[in-house]
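The values are calculated or read from the model by the stated rules, or taken from the named source; none is laboratory data. Quick caveat, the model's predicted, so the values are computed rather than measured. A quick note on method: Cβ atoms are made from the backbone with ideal geometry, for glycine too, and the neighbour counts reach across all protein chains shown.
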Amino acid sequence: MRWRETCDMTPMHACVYVCPRVRVARVPVEIPMSLGTQLIWLFTLPIPVACVAWTVTHEEIFREPRDYCIRRSTDDPRLLVRKLFYLGTCEYCFSHYVALVAVLGTGYRLLLDDWRGVVIAWLAVVWVANQFMGIHGRLRLGIKSSRTEIRVLEEQLGESDPHAT
């Protein structure tokens, strides 16, 4: 009798061995992740979370929906509507929802294997994603200020150099 292997590729599931002659339901076997694997997930999963949250709340491609959310968050007379639309304009707030989808979609848990591990993972992913976005924002600001300084120096050199074309 030959055994075959079936796998569920979520981080908390291991492969289940099923005999082809016996009808057995595919039930994943829960195996807790090692602490090292959890840490790798903790610093990998926030990368797409930060990418999505930053892109939606800052980049030009989402300007029109973001401008609409900004208008509704400032002009609507109802408090609940203003707060709801504000969530689409703040990268910190928006990252909570993106992280929740990412954590639930991957089955990632941190430190504990029950719902508490999901909550801890969710908040930790939010924190790391916001650190990544802060680093990204500071890098962009540094690059922009360097470009501005270079442009100003080029203009000054262009005005003072009589041989410039």
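Does TYR86 count as farther than 16 Å from TRP127 by Cβ, surrounded by 13 or more Cβ atoms within 10 Å (Cβ to Cβ) and not β-branched (Val, Ile, Thr)? Please lay out each step first, then the result.
On the way: farther than 16 Å from TRP127 by Cβ: yes; surrounded by 13 or more Cβ atoms within 10 Å (Cβ to Cβ): yes; not β-branched (Val, Ile, Thr): yes.
Yes; evaluated as a whole, the condition is true for this residue.
Give all pairs with beta carbons closer than 8 Å in which a residue from the stretch 152-165 that is modelled with pLDDT of 85 or more meets a residue that is part of a loop (DSSP other than H, G, I, E, B) and surrounded by fewer than 10 Cβ atoms within 10 Å (Cβ to Cβ); count only pairs at least 6 apart in sequence or on separate chains.
Final answer for the pair search is LEU157/ALA164.
Given the conditions (1) without any contact (Cβ under 8 Å) to a residue 60 or more places away in the chain; (2) touching a strand residue (DSSP E or B) at 6+ places or on another chain (Cβ under 9 Å); (3) not hydroxyl-bearing (Ser, Thr, Tyr), which single one is not true for GLU64?
(2)
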